[in-house]
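Below is one structure, written out as structure tokens, with a few remarks after it.
The values are calculated or read from the model by the stated rules, or taken from the named source; none is laboratory data. The model shown is predicted, which means the values in this text are computed figures rather than measured ones. Cβ atoms come from the backbone with ideal geometry, glycine included; neighbour counts cover every protein chain shown. Side chains included, ligands, DNA and RNA excluded: accessible areas come from the protein's heavy atoms. Shrake-Rupley method; radii C 1.70, N 1.55, O 1.52, S 1.80 Å.
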Amino acid sequence: NAKYPRYGASFEEYDYNNLEMEAKVKTDAYSQTSDGYDARAEEIVAEMTTSEKIGLLHGRISMYTGKVLGVERLGVPPLYMNDGPQGFRGPPGTSVAWPCSLAFASTWDTNLVFRWSQELAKEFREKGASIVLGPGLNIARVPVNGRNFEYLSGESPALGAAFAKASITGIQSIPGIMATAKHFIANSQETNRFFVSSEIDDDVLHEMYLPAFAAAVQSGVYAVMCSYNKIHGTYACENNSTLGILREELGFEGIIMSDWFATHSTLSAARHGLDIEMPLGLFFGVPLALDVELGVLDIDVVDSKAKRIVRNILKAGIEKDKVGSTIFKKTNTPQR
């Protein structure tokens, strides 16, 4: 691909059996101005208090895997996130036990992955979630990695790129649902996963590890989750080099969220690109508010994150009255 000449993967177009994707809907709460999503997001954030803005930047306790508060008075819905790449996790016995991602990847069938991802997203919507914490796109570089089963890439960056596009297109064809490409990046093992540092030269990073995420960005993914590991000694969720590649080289304009408890700082993470700390506000809650109040961190940094979150909520068509209330609904129907 001319845009990514260094990537070894081939970015091909797939027809997904010419399946017609459901059109995204514009909600009454987010009727668009002539200037579009950016202008509307700016208007909404301009009316928020500092506390409301910071409330968008970290998670809260929830029956779902994760939750981010909305701003009810301005019509901004909360975000309900749920695992994950294998389907909707919990409550037991209420959701479909899909085959694992690696099983789907082993078919080399992008049309099948598209249809599976679309059906998975419908299930998430029925259960009141708005963000699918998937697909998992890490490449299988360590054969004994305990999470290889939940990744679509297998050992091939080209395969990962093809399936990233198929999965994300399928998930986000369902109105009100965001996909999350994870775990960014070089997250290759579970052993010592909270502290291990991946040492990778730039060519290998681009040719092996980035193609699936580049394809995710090309496919318009709404969110990317940064990983537990370090890259060259710096944690992924505050790594200016790798997050810089995501934003500047790949052109990602969506939300960057942390893996659960993968945030390790306030200022470094905030300045280098992290938007949402999950699952709680240990760094992006009170500490972030204090840094803003004391003038250590410019409020413009918070504003840009809040605008980005609101803009992507608008684009995804998330409706506040259709999320967060149906987690116990049985979606494991005979038809599925």
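Rolling a 1.4 Å probe over the protein heavy atoms leaves Thr234 with an accessible area of roughly 50 Å². For the chain, a crude dipole built from +1 on the beta carbon of Lys and Arg and -1 on the beta carbon of Asp and Glu, taken about the Cα centre, is about 1000 debye to the nearest 20. Given axes a ≥ b ≥ c from the Cα gyration tensor, I'd like to know whether the range 255-336 is rounded (a/c under 1.5), prolate (a/b larger than b/c) or oblate. In terms of gyration-tensor shape, prolate. Think of the range 169-274 as having a plus end and a minus end, set by charges on the Cβ of Lys, Arg, Asp and Glu; of Leu267, Phe195, Pro175, Pro175 sits farthest toward the positive end of this dipole. Springs between alpha-carbon pairs under 10 angstrom, Gaussian network model over the chain: which of Met81, Met178, Met48 fluctuates most? Per the Cα network of the chain with a 10 Å cutoff, Met48 tops the list. Taking only the C-alpha atoms of the range 32-111, Rg followed by Dmax gives 18.3, 50 Å.
Exceedance of the 28 Å cut-off in Cα-Cα distance is limited, within the set Lys53/Lys182; Lys305/Lys329; Lys53/Lys329, to Lys305/Lys329; Lys53/Lys329.
The simple Förster model, with R0 at 41 Å and r as the Cβ-Cβ distance, assigns Asp203 and Val296 a FRET efficiency of 0.65.
Rounded to the nearest 10 square angstrom, Trp98 shows an accessible area of 50 square angstrom against a 1.4 Å probe. Computed with a 1.4 Å probe over protein heavy atoms only, the accessible area of Val68 comes to about 0 Å². For the range 197-336, count all C-alpha to C-alpha pairs, find those more than 24 Å apart, and express that count as a whole percent of the total. Looking at the range 197-336, the distances longer than 24 Å represent 40 percent of pairs. Electrostatic bookkeeping for Val292 treats Lys and Arg as +1 and Asp and Glu as -1; over the other residues with beta carbon under 11 Å from its beta carbon, the sum is -4.
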